[in-house]
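Let me begin by presenting the structure, written as structure tokens, before commenting on it.
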Amino acid sequence: MNFIKKSILALSTLSLAACMSTQPPVITMESNEVYQFDDDASFALNVAKMTRKTAGLSDVALPEEAQFKANGALVGAEYAMSFLTGGLIDLAGSMGAQSEADRAFNWKPMLVFLGDLDNPNVDADAVKVVEAELTKTFEKIENSNYIGIMRLSADGRDNNFMFMFDGALCDKTGQPKLKYDLANNSGQFINVKREYEGSCSTPVNVEVTGKVDYQGEQKSVITVTFHGGYAGFTDMAIATSGFSVVPQTFGRWGSGVKYTVPAPYVIHNNTMHLFTKENSSFKLN
């Protein structure tokens, strides 16, 4: 009986309830505005601005004494953090003043993908792009697989989808594995597939926030904001086939577990970009 209670509780926390609607959430084009990269801003700041989902960020100048220090024995996220902790202090610049704006924007870590979306079919096209890009992302995470995505059955929650993955990254997170019968009978999700049994699930909010002129092409900006599953996020951020945008501190509302990095950052094409006036960046491995 205790196991059943715990399973139901775990499932109920997969999606974060707010004021509920009875209709499934539908992705729409939130803006037709086209963001133009600012030559005077860092790559990181431009990416953050094109998402239209961040607040309070600005580029800061590196202190004169700042030094990048690399430890060749470290790889991936640890390798990146060795740079960030090598004398670069308060890279966020306005992080202290940013907290109120962050709460207003509910800025959380996100993966960002660019795509060509057909206006009458924004919802379906956006899901196709997300599925294709998550598949590519997980191909770069050792012994891990993207399994699929399921939509919530009702609007009004912080997240509108759950995406599933399995393998080494799923085991690493230590989170409870999805039970097909429990998920299918809960009424919380649509298009639940039996192949999701035993996978890890992450609550995300998929939005099409606007457009961007990127490398001479106009693309729609699709944000995949994480509302949980943070134990596996860094691996996904590093492996992303698109962009990852990460705040300095993040966590689930009401949770005592907070994740903190030395400074906010953007990752694209295996390169970490910092919010600096020097437009600092370096390869992750």
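Tabulated results
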item: Residue check, Ile141 of a type in the set (Val, Ile, Thr), closer than 14 Å to Asn205 by Cα and not in a helix (DSSP H, G or I); result: no
item: Filter pass, Pro247 being touching an Asp or Glu at 6+ places or on another chain (Cβ under 8 Å), under 25 Å from Leu152 (Cβ atoms) and surrounded by fewer than 24 Cβ atoms within 10 Å (Cβ to Cβ); result: no
item: Qualifying residue in the stretch 78-95 (condition: in a loop (DSSP other than H, G, I, E, B) and modelled with pLDDT of 95 or more); result: no
item: Positions within the stretch 125-147 being more than 16 Å from the chain's Cα centre (by Cα) and surrounded by fewer than 20 Cβ atoms within 10 Å (Cβ to Cβ), in sequence order; result: Asp125, Lys128, Glu139, Lys140, Glu142, Asn143, Asn145
item: Some residue of the stretch 187-199 being of a type in the set (S, T, N, Q), touching a residue at least 12 places away in the same chain (Cβ under 8 Å) and under 17 Å from Phe226 (Cβ atoms); result: yes
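The values are calculated or read from the model by the stated rules, or taken from the named source; none is laboratory data. All values reported here derive from a predicted model rather than from experimental measurement. Cβ: placed from backbone, ideal geometry, glycine included. Neighbour counts: every protein chain shown.
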